[in-house]
Amino acid sequence: MKRTIIITGGAGFIGSHVVRLFVNKYPEYKIINLDKLTYAGNLANLKDVEGKPNYKFVKLDICDFEGVYKLMQDEHVDGVIHLAAESHVDRSIKDPFTFAQTNVMGTLSLLQAAKLYWEALPEKWEGKRFYHISTDEVYGALELTHPQGIEPPFSTKASSGKHHLAYGDKFFTEDLKYLPHSPYSAAKAASDHFVRAFHDTYGLPTVVTNCSNNYGPYQFPEKLIPLFINNIRHKKPLPVYGKGENVRDWLYVEDHARAIDLIFHEGKVAETYNIGGFNEWKNIDLIKVLINTVDCLLGRAEGEDLSLITYVTDRAGHDMRYAIDSTKLQKELGWEPSLQFEEGIEKTVRWYLDNQEWMDNVTSGDYQKYYEEMYQRR
Ligand code: NAD
Ligand code: DAU
C-alpha cells in the first residue's frame, strides 16, 4: 500500500534512525522529514538516504500551523510520526519557555492540522494515524529501594546475564499517573495529554509510546553517552552529577526505531505502549563501562582514564531511577530488543571513535552549514 508519512524531528538522533528505517524498508511509501533544524537537527545524520526517491526533507517549524496544514494538504499525508521536541533536561532547566513552546504548542499545532485535514476528507480517519513519541520521564522518578540490585521480573535480550539487575521493585507501567518533575518532562506530559484529548474529543486515530533512555550513533553530544565517549577520547574531565547513583534504563536506538515501525503499523488506536529492555544501570557503573571500552579500543591501559571522573553539583530535581515495564508491548505485539547491552555499547563506542569527523562537525558547529550547502543551492 502507498502511504505518505510525515516524520517530525527526523534530523535528530532517534528521528534519523526512524527515517532511515522507513525509507529503506518501505520504498512504496513517501517519507517526509519535517524538521526545523534547531541546534539538535543535523542533516548529515541522513546522508545515506538523502538521494532516495521516496525521501523528502522539509525545513519547517511544527509550531507553524499554516505551514504544517498546507504541507498535509499538498502531500496528501495519511500518517504522522511525531518526534520533534526539545529533548535535553539540562536545557529545560535553563529555558523552560522554549520547551513549552515546541513540545506543547508544536504538538498542538500538528494535532490540529492533522484533525482539520483528515476530518474534511470523504474517508475521514480511515487509514490515518497520528503517532506521538513520548518518554518514560512523564511518570516521574522511581525509588532506589534495592541499591545492590535485584533480579528484574523479565529476562530479555537487552540485558546480559552479567548485568541483569533492577534497582527497585517498582516499574513504569502504562496505567501509572503522570508525575513529571523537570520542565522537559512536564512539557512532554502536557503534549501526551493533548494527543489523548484529540482522540477522545474528535476521534483522531492516535497512539502514544513512552520509551526509556536511548543510546547509539548520531546522538547529540550534550547527552551522557556521546559526551563522555568524546571526553574520554580527548582525556577531558567527566562531569558526574551528584554521586553518580541515579539509574537509567538504556535501549539501543535501532530497537526503539523497530518498535516504532511495529506500533505505527500494528498498534491499537488510542493505546499507550511502554518501550524498554529491562536494562538498568547506575550512571557510575555505566561510566566505568564506557571508560573501559574506549580505553580498550584505543589500546590504552585498563583503567587509565578512571581518573577523569569528576563529581559535580547535582542536576536540580534529578530523577533517581527510571525503569520501564514493556511487558504489554512484548506480549501484545511480540517486540523484543535485538541487542545485548554489551554488544550495543561496544558498537556505539566504536561508531563514535570511527566517526570523529561527525563529532568534530557537531562540536565546532560546522554541521549547521550542511543545510545551506546541500539544500539551499538546489
Ligand atoms: P533530538 O534533540 O536529538 O532531536 C530533536 C529533533 O527535533 C531535532 O532534529 C530538531 O531540529 C527537531 N525540532 C526541535 N524543535 C522543532 C520544531 N519546533 N519544529 C520542527 N522540528 C524541531 O531528540 P531525540 O533524543 O532524538 O528525541 C526524539 C523524541 O523522542 C523526542 O520527542 C523525545 O522526547 C523522545 N524520547 C527521547 C529519548 C532519548 O533517550 N533521547 C527517549 C524517549 C523519548
Ligand atoms: O528517559 C528518557 C529520556 O532520556 C529522554 O526523554 C530525554 O530526551 C533524554 O535526554 C534522556 O534524559 P536523561 O536526563 O536521562 O539523559 P542524559 O543523557 O542527559 O543523562 C543521563 C544521566 O546521566 C542522568 O542521570 C544525568 C546524568 N548526567 C548527564 C550528563 C549530561 C551526568 O551525570 N553528567 C552529565 O554531564
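The values are calculated or read from the model by the stated rules, or taken from the named source; none is laboratory data. The model shown is predicted, which means the values in this text are computed figures rather than measured ones. Cβ: placed from backbone, ideal geometry, glycine included. Neighbour counts: every protein chain shown.
Check PHE22, PHE99, PHE13 and return the single one that is away from ligand 1 (no atom under 11 Å from the Cβ) and either in contact with a Lys or Arg (Cβ under 8 Å, 6 or more places away or on another chain) or aromatic (Phe, Trp, Tyr) (or both).
PHE22
Confirm whether ASN292 is surrounded by 13 or more Cβ atoms within 10 Å (Cβ to Cβ) and at pLDDT below 95.
No, not satisfied.
For the range 239-258, indicate whether the set of residues that are touching a residue at least 24 places away in the same chain (Cβ under 8 Å), away from ligand 2 (no atom under 16 Å from the Cβ), within 20 Å of ALA11 (Cα to Cα) and buried (at least 17 other Cβ atoms within 10 Å of the Cβ) is non-empty.
Yes, some residue in the range 239-258 is touching a residue at least 24 places away in the same chain (Cβ under 8 Å), away from ligand 2 (no atom under 16 Å from the Cβ), within 20 Å of ALA11 (Cα to Cα) and buried (at least 17 other Cβ atoms within 10 Å of the Cβ).
Looking at THR272, is it surrounded by fewer than 16 Cβ atoms within 10 Å (Cβ to Cβ) and touching a residue at least 24 places away in the same chain (Cβ under 8 Å)?
Answer is no for this residue.
So, in the range 230-253, of the ones that are in contact with an Asp or Glu (Cβ under 6 Å, 6 or more places away or on another chain) and either away from ligand 1 (no atom under 16 Å from the Cβ) or of a type in the set (A, V, I, L, M, F, W, C) (or both), which residue ends up nearest to GLY140 (Cα to Cα)?
Only one residue tops the list, namely VAL247.
Would a scan of the range 78-87 turn up a residue that is of a type outside the set (A, V, I, L, M) and away from ligand 1 (no atom under 12 Å from the Cβ)?
Yes: the range 78-87 contains one or more residues that are of a type outside the set (A, V, I, L, M) and away from ligand 1 (no atom under 12 Å from the Cβ).
LEU329 versus (1) out of contact with any Gly (no Cβ under 8 Å at 6 or more places or on another chain); (2) closer than 15 Å to VAL247 by Cβ: which is the lone unmet condition?
It is condition (2) that LEU329 fails.
Can you find even one residue in the range 143-153 that is among the hydrophobic types (A, V, I, L, M, F, W, C), touching a residue at least 12 places away in the same chain (Cβ under 8 Å) and either closer than 27 Å to GLU304 by Cα or within 16 Å of ligand 1 (Cβ to nearest atom) (or both)?
Within the range 143-153, none of the residues are among the hydrophobic types (A, V, I, L, M, F, W, C), touching a residue at least 12 places away in the same chain (Cβ under 8 Å) and either closer than 27 Å to GLU304 by Cα or within 16 Å of ligand 1 (Cβ to nearest atom) (or both).
If you check LEU286, LEU227, which single one turns out to be without any contact (Cβ under 8 Å) to a residue 12 or more places away in the chain, more than 23 Å from HIS193 (Cα to Cα) and within 16 Å of ligand 1 (Cβ to nearest atom)?
LEU227
Answer with yes or no whether PRO217 is farther than 28 Å from GLN330 by Cβ, surrounded by fewer than 24 Cβ atoms within 10 Å (Cβ to Cβ) and within 16 Å of ligand 2 (Cβ to nearest atom).
no
Working only within the range 91-109, note down all residues that are surrounded by fewer than 22 Cβ atoms within 10 Å (Cβ to Cβ), closer than 13 Å to ALA40 by Cβ and within 12 Å of ligand 2 (Cβ to nearest atom).
Result: ARG91, single match.
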